[in-house]
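The values are calculated or read from the model by the stated rules, or taken from the named source; none is laboratory data. Not measured: the values here are computed from a predicted model. For neighbour counting, all protein chains shown are included, and Cβ atoms are generated from backbone atoms with ideal geometry for every residue, glycine included.
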Amino acid sequence: MKKHLIAAIVGGIIIFFWQFLSNAALDLHRPAQQYTAKQDTILSFLKSQLEPGRYFLPSFPDGTSAEEQQAKMKEVEGKPWAIVDYHASWSGEGMIMNMARGLLVDIFIVYLFVWLITRTGIPSFGNIFLASVFMGLIGFLNFPYAYFIWYKSPGIWSDFMDGIVAWAGVGVWLGWYLRK
């Protein structure tokens, strides 16, 4: 148990450190957070029009029939569309708590992974490393890429790197620490 906990804590810190590099130091996620000089005008307009929430534009009201939805889709084909995540207020005060929760989640997912790989009975460096990289690939394909297929969100390559680089680092650590 102690060895698994140490493995998870160090592995979680490796993922957390990569997330810092990716998001802050290397700024790999900039394509998904573009700047517009019109941001104040846009935010003011959104405040006057929306309640907090996520909006897909164009969309349909609840209860729209399948036939009406198909007609609307034909009508908007080739026209602009957007996904808007609107929040009523910004609070930078939660940054430390969010980072702490993020680190705890990273440690927890590595712990789950450690539990899983130690059940295989053949934890060699190579197997642990490959399983870890596959874990990163599975995570990437499950959400960022599956979302990208439909919505072509910018920054997909930084999401790919987040999955592969972070989990490759964890694989090197766990492969060394847990190998038999």
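Summary table
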quantity	calculated
Those residues of segment 111-151 which are touching a Gly at 6+ places or on another chain (Cβ under 8 Å), closer than 30 Å to residue 57 by Cβ and of a type in the set (Gly, Ala, Ser), in sequence order	139
Number of the exception - residue 83 against (1) in contact with a strand residue (DSSP E or B) (Cβ under 7 Å, 6 or more places away or on another chain); (2) modelled with pLDDT of 90 or more	(2)
Residue check, residue 128 more than 17 Å from the chain's Cα centre (by Cα) and in a helix (DSSP H, G or I)	yes
Test result for residue 34, loosely packed, with under 12 Cβ neighbours inside 10 Å and farther than 24 Å from residue 148 by Cβ	no
So residue 114, is it closer than 30 Å to residue 180 by Cα, within 19 Å of the chain's Cα centre (by Cα) and surrounded by 11 or more Cβ atoms within 10 Å (Cβ to Cβ)	no
Long-range neighbours under 6 Å by Cβ, at least six apart or interchain, first residue of a type in the set (Gly, Ala, Ser) within segment 14-42, second surrounded by 13 or more Cβ atoms within 10 Å (Cβ to Cβ) and not in a helix (DSSP H, G or I)	22/28; 32/154; 32/155
Tally, over segment 73-88, of residues that are in contact (Cβ under 8 Å) with a residue 24 or more places away in the chain and not in a strand (DSSP E or B)	3
Residue that is nearest to residue 148 (Cα to Cα), among those in segment 40-93 that are surrounded by 10 or more Cβ atoms within 10 Å (Cβ to Cβ) and of a type in the set (Gly, Ala, Ser)	59
Identity of the residue in segment 57-95, within 19 Å of the chain's Cα centre (by Cα) and of a type in the set (A, V, I, L, M, F, W, C), that ends up nearest to residue 40 (Cα to Cα)	84
Subset of segment 8-42 (residues that are of a type in the set (A, V, I, L, M, F, W, C), in a helix (DSSP H, G or I) and under 14 Å from the mean Cα position of the chain (by Cα))	15, 16, 18, 20, 32
Per-region count, segment 43-60, residues assigned to a helix (DSSP H, G or I) and over 14 Å from residue 83 (Cβ atoms)	6
First in segment 57-72 and on the phi < 0 side of the Ramachandran plot, second anywhere and polar (S, T, N, Q) and part of a loop (DSSP other than H, G, I, E, B), Cβ under 9 Å, 6 or more apart	72/59; 72/64
Long-range neighbours under 9 Å by Cβ, at least six apart or interchain, first residue without any contact (Cβ under 8 Å) to a residue 60 or more places away in the chain within segment 89-111, second surrounded by 10 or more Cβ atoms within 10 Å (Cβ to Cβ) and among the polar types (S, T, N, Q)	none
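Yes/no per residue for (1) surrounded by 15 or more Cβ atoms within 10 Å (Cβ to Cβ); (2) under 28 Å from residue 3 (Cα atoms); (3) without any contact (Cβ under 8 Å) to a residue 24 or more places away in the chain:
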| position | (1), (2), (3) |
| --- | --- |
| 121 | no, yes, yes |
| 124 | no, yes, no |
| 132 | yes, yes, no |
| 141 | no, no, yes |
| 146 | no, no, yes |
| 151 | no, no, no |
| 175 | yes, yes, no |
